[in-house]
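Right, one structure below, let's go through it.
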Amino acid sequence: MEVLNDFLSGLIPYTEWPMFILLIGGGLFLVFYSRFLPYRYFGHAVAITSGKYDDKNAKGDVSSFQALSAAVAATVGLGNISGVAIAIHDGGPGVVFWIWVTALIGMCIKFYSCSLSIMFRGTDSDGKLQGGPMFYITQGMGPKAKPLAVFFCICGLFGFLGVFTANQFTETFMSVVNPTETLWQTSEFNWKLTIGIVLAVITSLVIFGGLSKIAKVASAIVPFMVLVYLAAVIVVMIMNSDQVWPALKMILTEAWNFKTIVTGGFWGLVIIGIRRAMFSNEAGLGSAPMYHGQSKNDEPIREGLVASLGPFIDTIMVCTFTAVVIILSGAYLEEGSGIVMTLTAFRRTLFGYGDELLMIIVTAFALSTLFTYSYYGVKSLSFLSNARIGKWYNVYFVIMIVFAAVASLDLVKNLIDLSYALMVIPNMIAVLYLAPKVNVAAKKYLAQLAHGKT
């Protein structure tokens, strides 16, 4: 594992500039190119999500709300609760500001990419309707661009593994329950292996049931657990109201700390923020278009607006609340990264029982994330081969859950960071190339909306 970790960490620096240029540079271009459309029509996006504009006759498998829930299921969860803690551990409180910046840009990236996922839908070898980067690359850019789609899918075979979730859930269980003392005595490795096997079995029961079952489970669990989590965080913030503003002030002042001790200095701080924001909301990654491409919606712009809400919900809201609790509790000053830091913060601020509550929430998030991610991987392998072979990805996915439970956080984090950075390259090239087509469709849609014809 150490050899593999050294190999991955050695490759990551080579991906930083391409990721930064495409995600931030390309994203800023889209913000101005769209004339701030996703922000101006935020209220309309909420109305679409509520079902006001649903078309029962539209093609697709799931509603816009279910698609958003499933996409958010993969992002609201350990990426926000644990990912923010890792970001603060690696870069200090100021990193949260760069997470915000990336998320706001990400709203625009999601708008374009998920509009394209409806605009350029394809079918797999079983004749089922599909959407995602591989389809808008090959159909929108033409057959010559197929190597980009293949590269995206190969990286997706690793990026869409549930390894981070499995690893952090295992850490949560070990930290809160302390099973070697409270249940039965055996080595820490044996306990982690056991947790991994149990997680793998539970995940298997759902992911072999197909997309509709995943969408139903995710849309049932996620909204409720997001509300429970937000309620817990708001209680902490009310009880410590005098410390909320100093925590936010620290985020803003530390964001411009040019003498930061972070590896790579100020540039290193910004890169950590971008990485963790991408891990939190997946804007630019190309995963959300796979789910939104399945929506019962024939109007690309409508789906793009729904998708643009994702980064706002899971990064601007959930990540900020998590960061404030971690900072005001002082947990970020201690040793321990990832979920352990967040557990410490909750235990301190919620009457000593916050870590137990967080474990229940994390369990729900972890399972919904695992259910969702497996589907992304199946689509990637199906594109590279066919739908029949694609289903075998689930077997590999389940095996890797067990591996992740016993692996180190560094190894898991580096595997995901490298895969994500590589996936951004083909996806953002396609999104930027096809952006004019989205603008044409948007102009037409907004004209219809103004005349009440949508």
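Given C-alpha coordinates of the range 130-253, what is the ratio Rg to Rh with the Kirkwood estimate of Rh?
Working: Rg = 21.4 Å, Rh = 19.3 Å.
When Rh is taken as the Kirkwood radius, the ratio is 1.11.
Taking a 27 Å limit on the Cα-Cα distance, which of the listed pairs 110/146; 128/192; 192/413 fall beyond it?
Values: 110/146 22 Å; 128/192 39 Å; 192/413 18 Å.
From 110/146; 128/192; 192/413, over 27 Å: 128/192.
Quick one: compute a quarter of the convex hull surface over the Cα atoms of the chain and quote it in nm².
The Cα convex hull of the chain, projected and averaged over all directions, gives 20.7 nm².
Would you mind calculating the gained length between residue 182 and residue 298 on full extension (0.36 nm times residue separation, minus the Cα-Cα distance), in nm to one decimal?
Details: separation 116, 0.36 × 116 = 41.76 nm, distance 5.41 nm.
Length difference between fully extended and current span is 36.4 nm.
Only helices at least 30 Å long along their axis, Cα-based, and averaging -0.5 or more on Kyte-Doolittle count here, so list those DSSP H runs from the chain.
Membrane-span-like by this rule: 95-119, 211-239, 354-384, 409-450.
Please report Rg over Rh for the range 328-454, where both radii come from the alpha carbon positions and Rh follows the Kirkwood definition. Show your work: numbers first, answer last.
Values: Rg = 21.5 Å, Rh = 19.1 Å.
Answer for the range 328-454: 1.13.
Distance cut-off 23 Å, Cα to Cα: go down the list 379/443; 52/443; 144/437 and report the pairs above it. Please list the in-between numbers first.
Numbers: 379/443 31 Å; 52/443 21 Å; 144/437 19 Å.
Beyond 23 Å between Cα atoms: 379/443.
What whole number of Å gives the distance from the Cα centroid of the range 2-42 to the Cα centroid of the range 350-429?
20 Å
Between residue 58 and residue 36, what is the spin-label point distance in nm, taking each point 7 Å from the Cα along the Cα→C-beta axis?
Using points 7 Å along Cα→Cβ, the separation is 2.7 nm.
With a 1.4 Å probe and all protein chains in place, put 248, 199 in order of accessible area, largest first. Write down the numbers at each step before the final one.
Working: 248 45, 199 10 Å².
The residues order as 248, 199, largest area first.
The values are calculated or read from the model by the stated rules, or taken from the named source; none is laboratory data. Keep in mind it's a predicted model, so treat the numbers as computed, not measured. Reconstructed Cβ throughout: ideal geometry from the backbone, glycine too, with neighbour counts over all protein chains shown. Quick note on the areas: whole protein, heavy atoms, side chains included, nothing else; ligands and nucleic acids left out. Shrake-Rupley method; radii C 1.70, N 1.55, O 1.52, S 1.80 Å.
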